[in-house]
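Right, one structure below, let's go through it.
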Protein chains: 2
Amino acid sequence: MNKADVVILGGLSGITAGISCRRHYPDKKVVIIRKEGTVLIPCGIPYIFGTVGGPENNVVPDGLLESNGIELIKDEAIKVDRAAKVVYMKDNEPIAYDKLVFATGSLPVVPPIPGISKGNVFPVKKDFAYLKDVLKCMETVKDVVIIGGGFIGMEFADECRKGRNINVTVVEMLDRCLMMAMDDEYCDEAEKKLTDTGVKILTGERVASIEGGNNVESVKLASGKELKADLVILGIGAVPNSTLAADAGLELGFRKGIKVDHNLRTMTDPDIFACGDCCTKESFFDGRPSPVMLASVATSEARIAGANLFSSYMSFCGVISVFATIIDDRAFGVAGMTERGAKEKGLAIVVTTADAADTHPGGMPNSTMLKVKLIFAAETGTIIGGAVSGGKSTGELVNVIAACILHKMCVDDIVAFQMGTHPALTSSPIAYPIVNAACKAVLQLRKR
Amino acid sequence: MNKADVVILGGLSGITAGISCRRHYPDKKVVIIRKEGTVLIPCGIPYIFGTVGGPENNVVPDGLLESNGIELIKDEAIKVDRAAKVVYMKDNEPIAYDKLVFATGSLPVVPPIPGISKGNVFPVKKDFAYLKDVLKCMETVKDVVIIGGGFIGMEFADECRKGRNINVTVVEMLDRCLMMAMDDEYCDEAEKKLTDTGVKILTGERVASIEGGNNVESVKLASGKELKADLVILGIGAVPNSTLAADAGLELGFRKGIKVDHNLRTMTDPDIFACGDCCTKESFFDGRPSPVMLASVATSEARIAGANLFSSYMSFCGVISVFATIIDDRAFGVAGMTERGAKEKGLAIVVTTADAADTHPGGMPNSTMLKVKLIFAAETGTIIGGAVSGGKSTGELVNVIAACILHKMCVDDIVAFQMGTHPALTSSPIAYPIVNAACKAVLQLRKR
């Protein structure tokens, strides 16, 4: 029987776990099994429909596998025999393993709405050929309805409308789009940015049914409204792809994720690890189960899982959750808790904001106003969250906040933060908004 | 006699100290004394000569003073009587103080080169009218020689050549430009970027004399070369402006900076503080005197000084030194130690590099390759330095590294760093170069 030291099942985090394993254990034979010919960059999927131009421009290069000495079997794993330590595949001979990694990702949620299985209704699957078909379909339609105003929905809407003369409508159940991720004022700003491009947004609206013949023709809302639609994108979330793991007798946890410890080892089998969307996560802040699914978390976990397969010890500290997106030309980012999230937990917090141009002087070309908000635990002064909207530096600025949160920096550490500044690249040293928001927080903390 | 609770002498860090003081002590009367009508954004000065178009577009708005309830006296402080706690000015009545802050900045080094005082030879002074004159002069000349290839010199060279049909030459004494700030490979990249725009660079060359009549006509080098020049910029560094403090009997330290403790209080007088370029600094890493002069450090110190004037306690942890610059379209940043600097100290270090596109997929518009280098202490795995070259995200990316250094993160913390990623804003989660450089470092640390 074929045998590998390490067998990995899955896509992006599988590749990352494989690379990590080979770096730590260059003598081990590592095999990745996946049915997809190519792995898509998950966060790039909405961009296939606009900026990037097609799925072929959004793939994780398989050269990464070759250059890291990882073998790829393009096949579907159909059974894991844990007692025999063997993985069975659809087309290939079974393969024995010493260590096994589940990196099987997530599957889009498909709600039981009447008509959901009509033609041209597309859940967002991370599948090359499938997305190629969606893209092709997109070229012939006039009325696109996107169900779900989270990151995926908003990004799809913004990309679909680019270079196409079509009507795009986002339908969101909650009061605001992006409400699970960002505080109200940032949601409002993002919604405005999107509607300014001509996209329609309907919030507080529930989809009642999808109407039409074989193909979708309209979307009926519970409020009675009916939206013309010849293409529907479903962006309402994803669930762990854990069926194979469950069938193998591995314990599942929150939302049916494969239950893992802080070392990314499954609770059930010491020789089996899991990483990425398919496994359970805990919050950095309170250790409670976290529903967050992020490629950046998946790759962090994968690096740790790959390292821990044999002798190494690395631990994952729990998810702080760091997001970034861009709507038209305005970027948004969140690290850690939102103000809403902290208040829902009943935490005593201090919230401060600071605005600043992202260059200095503000008159530099392409200067954009940054809006920063920081959230501190009132009793200790520890930073627990932050949000940014602004230009393209938003992406890394929110990572500066993430570094502060991960290391539990206190407000006075951030007041004295030593940042590099440059006229063309950052806010001025006098206005640097993370620092200025911290300065304000010191005073509020003192007043308490 | 006039009296203020707090008198502050100086420019940018003076404003910052004043704002910080007023935030912490809203009842205190704060007066800033400075002879300059307007305060220039110091890091923006080279950009006056190109991108920004003039000194009037590069000022710290005085509205900041008004909105923070700070009084401004435009005059020159000429004497401090510490016994009487009074500041004397050139034109105004003396003013008594309870607390005094020196924020008098730095003055450009003017080396004793023969001919240095000829017309059209300009040290870089932070003075509005003076720089307006330099700019006017720049419009009529053909051959500009810049003495000194540090940040100021390189930025001046890059800006002077923009939109002007003139010859620009940088003369640097050391083997490479920017050598005091960056490692060789980044210096080489920056030099190439600049020479690609048509600027000439002469390294390992010392200026012997400045020739001409009343005005400069050429620059003679010790090697015998002679460079035609009708305008010379001196960018070879600055020294603390501490004469007034010395005259008042305050102890000076390294390079004649006003000697301060970690609270930014002068060693000599408990009621006198100093911040910014005029005072001594210590290295974060070893507590030794640091020659670094950065606006971002000055404002950090000023915030702390302003807070500490009365009851608050804040401490400055020493300078890690974080820089960023941009040459043509390529940005460069350094946080903490360079490889060269660490080796000169005889430290056992592990150095790793990682490259990645700053978007993902790399085919996104305006994608640029990032080059990242990290430096870890070999015995402990603590990060002590990092460098980046890339696009505009470099400015904040180097601040992510700064946050890691300030909190003494270990290599495994950085491997598991939770960054936000987004196709248009950052590298992909699989390629994020700070994390990948840390992954490589883990292995090198293990091998030792």
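Please treat every number below as a calculation from the coordinates, not as lab data. Model, not experiment: these values are computed from the prediction. As a convention, Cβ positions derive from the backbone with ideal geometry for all residues, glycine included, and neighbour counts pool all protein chains shown.
If we hang a label 7 Å off Cα along the beta carbon direction at A:Phe254, how far is it from the matching labels on the other copies, in nm, shortest first?
With the label placed 7 Å along Cα→Cβ, A:Phe254 yields 4.7 nm.
Check which residues have an amide H placed less than 5 Å from B:Thr280's amide H, if you skip close sequence neighbours.
Distant-sequence amide H within range of B:Thr280: B:Ile258, B:Lys259, B:Val260.
Once you average over the residues of B:426-436, how many Cβ atoms of partner chains fall within 10 Å of each Cβ?
What the average comes to for B:426-436 is 6.
Output ³J(HN,Hα) for segment B:6-16: one whole-Hz value per residue in order, computed from phi by the Karplus curve 6.51 cos²θ - 1.76 cosθ + 1.60 with θ = phi - 60°, and x for Gly and Pro.
Result, rounded to whole Hz: 10, 10, 10, 9, x, x, 4, 6, x, 4, 4.
Contour minus end-to-end for A:Asp196 and A:Ala129, with contour as 0.36 nm per residue of separation and end-to-end as the Cα-Cα distance?
Details: separation 67, 0.36 × 67 = 24.12 nm, distance 3.24 nm.
Length gained between A:Asp196 and A:Ala129: 20.9 nm.
Of B:Lys345/B:Lys440; B:Lys29/B:Lys408; A:Lys392/B:Lys259, which pairs sit farther than 31 Å apart, going by alpha carbon to alpha carbon?
The answer is B:Lys29/B:Lys408; A:Lys392/B:Lys259.
Taking the Cα centre of chain A as the origin and placing charges on Cβ (Lys, Arg +1; Asp, Glu -1), which of A:Val6, A:Leu174, A:Ser315 is farthest toward the positive end of the dipole?
A:Ser315
Determine, for each peptide in A:119-125, B:11-17, the mean count of other beta carbons within 10 angstrom over its residues, then list the peptides with the highest first.
On the way: A:119-125: 19.7, B:11-17: 29.6.
In decreasing order of mean packing, A:119-125, B:11-17 become B:11-17, A:119-125.
Pairs of Cα atoms under 8 Å, at least six residues apart: use those to get the relative contact order of chain A, whole percent.
Computed over chain A, the figure is 13 percent.
Scan around B:Thr359 for amide H atoms under 5 Å from its own, H built in the peptide plane at 1.01 Å from N, and keep only partners 5 or more places away or cross-chain.
B:Thr368
Put a point 7 Å out from Cα along the line to Cβ at B:Gly204; what are the distances to that point in the other copies, in nm, shortest first?
Copy-to-copy label distances for B:Gly204: 7.5 nm.
Rg and Dmax of segment A:121-236 over Cα atoms: what are they, in angstrom?
13.5, 41
What is the order of B:Cys43, A:Cys275, fewest Cβ neighbours within 10 Å to most?
B:Cys43, A:Cys275
Helix-only estimate, please: 222 nm mean residue ellipticity of chain B, summing -39500 (n - 2.57) across DSSP H runs of length 4 or more and dividing by its residues, to the nearest 500.
So the calculated ellipticity at 222 nm is -7000 deg cm²/dmol.
Could you check what % of the DSSP bridge pairs in the protein assembly as shown are antiparallel, to the nearest 5?
Numbers: 102 of 179 bridges.
Antiparallel bridges make up about 55 percent of those DSSP assigns within the protein assembly as shown.
Using all C-alpha to C-alpha distances in segment A:265-391, build P(r) with 5 Å bins and read off the rounded percent in each one.
Once binned at 5 Å, the Cα pair distances of segment A:265-391 give 2, 9, 15, 17, 15, 13, 12, 9, 5, 2, 1, 0.
Taking springs between alpha-carbon atoms closer than 10 angstrom, which of A:Lys142, A:Lys90, A:Lys193 fluctuates most in the Gaussian network model of chain A?
The residue with the greatest mean-square fluctuation here is A:Lys90.
Given +1 on the Cβ of Lys and Arg, -1 on the Cβ of Asp and Glu, and no further charges, what dipole in debye does segment A:314-392 carry about its Cα centre, rounded to the nearest 20?
The dipole magnitude comes to about 100 debye.
With charges set only on the Cβ (+1 for Lys and Arg, -1 for Asp and Glu), what does the dipole of segment B:176-251 come to about its Cα centre, in debye to the nearest 20?
Result for segment B:176-251 is approximately 300 debye, rounded to the nearest 20.
How big is the dipole moment of segment B:121-236 about its Cα centre under a simple scheme where the beta carbon of each Lys and Arg is +1, that of each Asp and Glu is -1, and everything else is neutral? Debye, nearest 20, please.
Computed about the Cα centre, the dipole is about 460 debye.
State, to one decimal in nm and shortest first, how far the label point of A:Lys79 sits from each corresponding label point in the other identical copies (label point: 7 angstrom along Cα-to-Cβ).
Computed spacing set for this position: 9.9 nm.
Taking N as the number of residues in chain A, what is its alpha-carbon radius of gyration divided by 2.2 N^0.38 Å?
Here the Cα radius of gyration is 1.03 times the empirical estimate.
Using each residue's phi in segment B:62-76, evaluate 6.51 cos²θ - 1.76 cosθ + 1.60 at θ = phi - 60° and report the 3J(HN,Hα) Karplus result to the nearest Hz, with x for Gly and Pro.
Going residue by residue, I get 5, x, 4, 5, 4, 5, 9, x, 10, 8, 10, 10, 7, 7, 9 Hz, with x marking Gly and Pro.
Among A:Met267, A:Met409, rank each residue by its count of other Cβ atoms within 10 Å, from fewest to most, as a rough exposure measure.
Lowest to highest Cβ neighbour count: A:Met267, A:Met409.
So if each residue of separation counts as 0.36 nm, and I subtract the Cα-Cα distance between B:Met369 and B:Lys225, what length gain in nm does that give?
Separation in residues times 0.36 nm, less the Cα-Cα distance, equals 48.1 nm.
Give me, ordered by chain and number, the residues 5 or more places off A:Ile233 or on other chains with an amide H under 5 Å from its own placed amide H.
Amide H neighbours of A:Ile233: A:Phe122, A:Val145, A:Ile146, A:Ile147.
Would you mind giving the mean number of other chain beta-carbons within 10 Å of the Cβ of each residue in B:442-448, as a whole number?
Average per residue, whole number: 2.
At a temperature of 10 °C and a viscosity of 1.306 mPa s, determine how fast the protein assembly as shown diffuses translationally according to Stokes-Einstein, using the Kirkwood radius over alpha-carbon pairs as Rh; express D in µm²/s, rounded to the nearest whole number.
For these conditions, the coefficient is 54 µm²/s.
In which sequence would A:His407, B:His360 go, from the one with the fewest C-beta neighbours within 10 Å to the one with the most?
A:His407, B:His360
Roughly what would the spin-label model give for B:Lys345 and B:Ala96, points 7 Å off Cα along C-beta, in nm?
4.7 nm
What does the average come to when, for each residue of peptide B:402-415, you count the partner chain Cβ atoms lying within 10 Å of its Cβ?
5
Between B:Met1 and B:Cys137, 0.36 nm times their residue separation minus their Cα-Cα distance comes to what?
Gain on stretching B:Met1 to B:Cys137: 44.5 nm.
Which percent, nearest 5, of DSSP beta bridges in segment B:263-361 are antiparallel?
If I count the DSSP bridges inside segment B:263-361, around 90 percent turn out antiparallel.
In whole Å, what is the distance between the alpha-carbon centres of segment B:75-135 and segment A:1-78?
Centre-to-centre distance over Cα atoms comes out at 62 Å.
Enumerate the calculated ³J(HN,Hα) couplings along segment A:331-341 in order (Karplus 6.51 cos²θ - 1.76 cosθ + 1.60, θ = phi - 60°), each rounded to whole Hz, writing x wherever the residue is Gly or Pro.
9, 9, x, 9, 10, x, 6, 8, 4, 4, x
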